[in-house]
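Student: What follows is a single structure, and I will ask about it in a moment.
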Amino acid sequence: KRKWTGSGWGGWETVTSTLTCTDCSNTLLYYTEASGTYNPATDLGTWQYNFTAHDDENDPTTGGTRYWDSTTPLNYTIERDDIEILLNNGNNITLWRNGTDNFTLSTLVNDTDKGQHLIYQDINNEGQLWITKNNTDFELITSSLTTDDNGIMNYNFDPDCDYNTGIQKWRMIVWNDDKYKDQNSSDFNITIQSYLNGTILTPNGEAFRRGIDHVNVTFKIFDECNNGTSNANITIRFEHPNEIYNITSGITDYGNGTYFYSWDTTSKYLGNYTLKIEVYKDYYVGINLTQNNSFTLGSVPELEYPATKFYSSGDGGWGETWTFRIKCQDAEQGDILNITLWKKKTNESEWEYIQTQECNITESLTWYTKDFVVNDFDCGNITPPGNYSYFKFNATDQWGFGAEVSEENFTISKDNVSLTVLSGSEGTVNREGNDIETLSISVTDTDRNTGVGENVSGIFYISTSNQDFDTYYTNQTNASSILAYEFNPNCTYRYGPQIWTGGVYNDECYDDELLSTNRTLTIIAQLKNNINLPYWTNNQQPVFNVTDNITIRLNTTSDCEAEEGLINETTVTIQVQLPNTTTESCTPVNNESNPYGYYNCTFDSTDHPEGNYSIQLNSSRQYFNPNTTFLQNWFWLENLNASTSNISVTPQQDGWTKQYNYSILIDDPDSDQINCSLYIDKFNGQGWIYKGTQTLHNESGIVNQTCTISVWDFTGDDIGPNQFKFFIENGEPSNAFNTTNQSGPTLEESNVTVTFITPNNTEVNITNDYELLTVLVNDTDNYTGISWHPPDVNVTFWVYLNQTTIDQGNLTQTNQSGYANINFDPDCSYEVGPRTWLAGVTDPYYDDQNTTNPENLTIIIRDDLNNNIQSPTGEEYLRGTNITIRFYVNDSCGNPITNVSVNITMVHEETNQVFYCEDIHNETSPNDGWYNCSFNTSGMPAKGYTLMILTSKQYYNDHNLTMTYSPGTSGFFIETEPILTNPAVNSSVDGGNTGGWGEAFNFTVYATDDDDDEVTVSLYKRKWTGSGWGGWETVTSTLTCTDCSNTLLYYTEASGTYNPA
């Protein structure tokens, strides 16, 4: 027999050689292959079989010929076995879905081809269980059932909420097994049962109006899976102590477990009800729902007005006591009604809650009258003019049932007041300044017999000439019910007595009311003393010589001079204060009659000292406050003093570090000593500063002598225009004086020079290097015989980034010796090569000056070259092939570097032979920085090579990249192919390539491989068939050599290898 492989027939296999017959004449021969001969894992498919027969060559005579005959090959098919799946356990059982109830469903699987049941894992995870969940449609539950030793497939079934109650079906299936055909079991039954749950949703303790409201019953029936249960059998019971009402029809089933029934309450008993609901359904345990005190049926209260609906305690003011009346009754004896009074200010207003009282129904259908007394209306409740206010009542009982009467109108008016004066009667107030007389009235609400509180509007009337009320002022009461006005009279009011009154006026809460009698207060004016002589002209003090008679004249006015003019009948006295503060009276004081209101006296200055004289004027009058006017230093008695000229500073304008000389020419023939002090006012605005004093002395008098003082301590903050003055003292304190302010000097930035200290053509690397750049600053303004090198001067160093662009500068300061230093550490923004650098002062206190003689120097910037190999990186190359060396050159900033000088050297690691790659190419854009060189490996020794790449370029540091050979990492390796020569075979006896089949045969060959690989040599042989060569056969693959150099390899076939047959 043989099997079809899918692309051809396999080889023939012998099934049996034991079938025989004698005297064969259409004799039937047969052979039965035992059950289990075929393996389903490998033998399923199409097979062929034939019978081949031969006779006996030695029958009837020995040495005859054997004859053969074969049947035509015939096909037969090996397929998967047929099976049947029979119930073992689990038909017509009942399971509870709630809880942990479960059952093992099982079937027996028989191999009907074998006539026996399956055993362990014959079905291995190919068995399926299908169960209905909705009583109709099968669903796959598991596809991994396995047979046990007895051919049983088991599944422990524990139904959950995915399964409906009722009869469900199940079956087991073998599907897509590689040994057995697909097969189903029969369908078997499982009955699933559960319990019902329920919740009454409505009613929930509410009260309903009998004959008006329906009681809506809503309840939810559900199972333990919280799924609503519909189509149940329902009975609803409304239980009252006097009667039970049963409902079995008219109940609405919403199909989701929710049920609804609306119960008509007409003619039903009043009182409390218990609600009961009975529920039954197939495959469920029924449930009884009970709701005690489920709802109450009640009646609606009634209200009506009595004959007198309301009244107040007075004329209807809001502060009075108001009484509102209502009558109430209810059909339910013992019910308690909550009666509420409401009001609204106008017809358009919102209703406001006022008060609630209880109406106790001790007898059903009996009227009870209730009075609502209101004492808390406020101003906001006043009925607006042209409108009515309204009130009404409504009632609710214990169940929340309500009734309401129609609204009635009424009017609330303003309250009445009484007034009491607290202050301001017979008072006195100064007209000048901020003197205050408080006029205050206490206001009482007579309807409420209490103060009116704050913000009640009022008014005060005050006379200006003690007759008519020419002025008025409005105000509001404070929290203490006091209406007050702080009267601060102005020139509208004449000095002397005035009258006033006040009270409530134009208030939204109270009627207008003024004081019944007028009150008085007295206004006190202020006398003013106005000097006429001596008088200052153009803001200049009057000056008199000693012995002059000096007339002192004044007039008196009030604080309201424009309104009242001069004030006569005034008592006036005059005193004069001398420079030594002693005082003399100037008498007599004359009261001039034309015009009235002027007064004068004459002061004789003979024998009085030089200096400033002060005047004191005193006046008094009825209804006026007296006045004392002191005129400080009002006139001057003059004596001769020193004179000055030729005030100057040298130089007038220069740098702030220079020395400045101030001088003044002084002439005072009457003095033998003069103190001359210098004060300067710097540009920084800090005021006058004392800078020194020089004393001039001459017993014959100071005649045109020069005072000179030097200043040499200006700072840079003083740059700008300055000024100065001299203070001159001749021994007489009153004669000491300051000169007028003089301009100068104007301070400028000091002049400097900047000199290079660092030599020219220094060098610095961009990477990890810096160069000290130094300059020296000299202040040429501050020269005292030697140069001065100032510290802390701002100096900026500039270095060109390239040939045309300068950097942004590096700011530093000079040290205590005037040297400015920076450590120049160039970064990648600088190009290599010679770069110009310079430095300059950039300080606000010094002239901006760059280096001179020369103006700039050169610094040479260098950078490193970096060689980065791309290939080769440790690869092996066959000798005779080309190798391309490709690498990338950049600087430390990552910039590609072109046109570098390159030397590529390759050194054999064993012989140290040196080879060069000379055909070097500088690749062009966009491959700037890339270089390559190719060479042929012919003639080069095999094995590893160290690769060295040396690059150089002007202004760059050379880089020699050395890469020792490391497989797959660096360098390269030249490999060679193995070479076999002089193959030969010799027989062990005859020698040469011919020998008997029983001889041993020795095969030899010479092997060479320069790269020292381990060489494996295989020996093959084939036979001539007579018409061609047969296939190669492997004799051995175990011949090896290392460091093969014409190495002899051999293999001996043992005697007996060949068979002469």
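Student: Treating only the Cβ atoms of Lys and Arg (+1) and Asp and Glu (-1) as charged, compute the dipole magnitude of region 864-975 about its Cα centre; round to the nearest 20 debye.
Tutor: For this selection, approximately 80 debye.
Student: Using alpha-carbon pairs under 8 Å, 6+ residues apart, how would you state the relative contact order of the chain in percent?
Tutor: It rounds to 4 percent for the chain.
Student: Taking R0 as 60 Å, what's the FRET efficiency between T356 and N568 from their Cβ-Cβ distance, rounded to 0.05?
Tutor: For T356 and N568, the calculated efficiency is 0.15.
Student: For a quick protection proxy, order the peptides 156-165, 523-532, 360-369 by their average other-Cβ count within 10 Å, most packed first.
Tutor: Packing proxy ranking, top to bottom: 523-532, 156-165, 360-369.
Student: Count charges around Q694 for me, please; just the other residues with Cβ under 15 Å from its Cβ, Lys/Arg as +1, Asp/Glu as -1.
Tutor: Residues near Q694 contribute 0 overall.
Student: Under 18 Å between alpha carbons, and skipping anything fewer than 8 positions from K1 in its own chain: which lysines qualify?
Tutor: Correct list for K1: empty, as no lysines qualify.
Student: Which listed residue (I382, G427, I192) has the Cα farthest towards the positive end of the charge dipole for the chain, taking +1 on Lys and Arg C-beta and -1 on Asp and Glu C-beta about the Cα centre?
Tutor: I192
Student: With 32 Å as the limit, write out which pairs from K268/K309; K276/K370; K3/K181 have Cα-Cα distances beyond it, or answer none.
Tutor: With Cα atoms farther than 32 Å apart: K268/K309; K276/K370.
Student: What does the C-alpha gyration tensor say about the overall shape of region 594-720? Classify as rounded when a/c is under 1.5, otherwise prolate if a/b is larger than b/c, or oblate.
Tutor: oblate
Student: Ranking I920, I702 by Cβ neighbours within 10 Å, fewest first, what do you get?
Tutor: I920, I702
Student: Using alpha-carbon positions, what is the distance between the centroids of region 435-459 and region 173-213, in Å?
Tutor: Comparing the Cα centres of region 435-459 and region 173-213, I get a distance of 83 Å.
Student: Once Kirkwood radius over Cα pairs in Å is worked out from the coordinates, which option in (i) 38.6; (ii) 52.0; (iii) 48.7 does it equal?
Tutor: Structure-derived value, by its label: (ii).
Student: Now for a separate question. Quote to one decimal, in nm, the extra length available between I247 and T962 on full extension: 0.36 nm per residue of separation minus the C-alpha distance between them.
Tutor: 246.8 nm
Student: Less than 17 Å apart at the alpha-carbon level, and either on another chain or at least 8 residues along: which aspartates and glutamates does that give for K953?
Tutor: Within reach: E763, E831, D863, D864, D891, E923, D928.
Student: Could you work out how far apart the two model spin labels at E592 and D511 are, taking each label as a point 7 Å from the Cα in the direction of the beta carbon, and quote it in nm?
Tutor: 6.3 nm
Student: Are there chymotrypsin sites (Phe, Trp or Tyr not before Pro) in region 434-537 that DSSP puts in a loop and that have at most 16 other Cβ atoms within 10 Å, and which ones?
Tutor: Those that pass, being in a loop and sparsely packed, are F469, Y535, W536.
Student: Also, I was wondering about something else. Hey, rough spin-label estimate for T20 and N184, points 7 angstrom out along Cα→Cβ, what's it come to in nanometres?
Tutor: Modelled inter-label distance: 5.6 nm.
Student: Would you mind calculating the gained length between E33 and S710 on full extension (0.36 nm times residue separation, minus the Cα-Cα distance), in nm to one decimal?
Tutor: Roughly 229.5 nm would be gained on extension.
Student: Still on this structure, I have one more. How high is the FRET efficiency from W1032 to D82, r the C-beta distance, R0 35 Å, rounded to 0.05?
Tutor: According to the calculation, E is roughly 0.10.
Student: State to the nearest 20 debye the size of the charge dipole of the chain about its Cα centre, where the only charges are +1 on K and R beta carbons and -1 on D and E beta carbons.
Tutor: 2140 debye
Student: Here's another thing I want to ask about it. Could you tell me the relative contact order of region 529-605? Use alpha-carbon pairs under 8 Å, at least six residues apart, and round to a whole percent.
Tutor: Here the relative contact order equals 32 percent.
Student: Relative to the present Cα-Cα distance, how much length would full extension add between T969 and V421 at 0.36 nm per residue of separation?
Tutor: That works out to 185.8 nm of additional length.
Student: What's the magnitude of the charge dipole for region 123-198 around its Cα centre, counting Lys and Arg as +1 and Asp and Glu as -1 at the beta-carbon? Answer in Debye, nearest 20.
Tutor: 220 debye
Student: Note down the relative contact order for region 150-248 as a percent, whole number, built from C-alpha pairs under 8 angstrom at least six residues apart.
Tutor: Relative CO of region 150-248 lands at 17 percent.
Student: Y819 versus D435, label points 7 Å from Cα toward the beta carbon: distance in nm?
Tutor: Output for this residue pair reads 8.3 nm.
Student: Just to confirm the filter: which GluC sites (Glu not before Pro) across region 835-877 are DSSP coil and have at most 12 other Cβ within 10 angstrom of their Cβ?
Tutor: Answer by residue number: E855.
Student: For region 1-74 and region 930-978, what is the centre-to-centre distance using only Cα atoms, to the nearest Å?
Tutor: The distance from the Cα centre of region 1-74 to that of region 930-978 comes to 72 Å.
Student: Then there is this: Rounded to the nearest 500, what is the chain's calculated 222 nm mean residue ellipticity when only DSSP H runs of at least 4 contribute -39500 (n - 2.57) each, over all residues?
Tutor: 0 deg cm²/dmol, from helical runs alone.
Student: Rounded to the nearest Å, what's the spacing between the alpha carbon centres of region 464-518 and region 309-375? Just the number, please.
Tutor: Spelled out, the Cα-based centre of one part sits 44 Å from the other.
Student: Here's something else I'd like to know. Out of region 668-743, which chymotrypsin sites (Phe, Trp or Tyr not before Pro) are coil in DSSP terms and have no more than 13 other C-beta atoms within 10 Å?
Tutor: W712
Taken together, the values in this text are just the output of simple stated rules run on the coordinates, not laboratory data. Note that the coordinates shown come from a computational prediction; the quantities given were computed from them, not determined experimentally. Cβ coordinates were reconstructed from backbone atoms using ideal geometry, including for glycine residues, and neighbour counts include every protein chain displayed.
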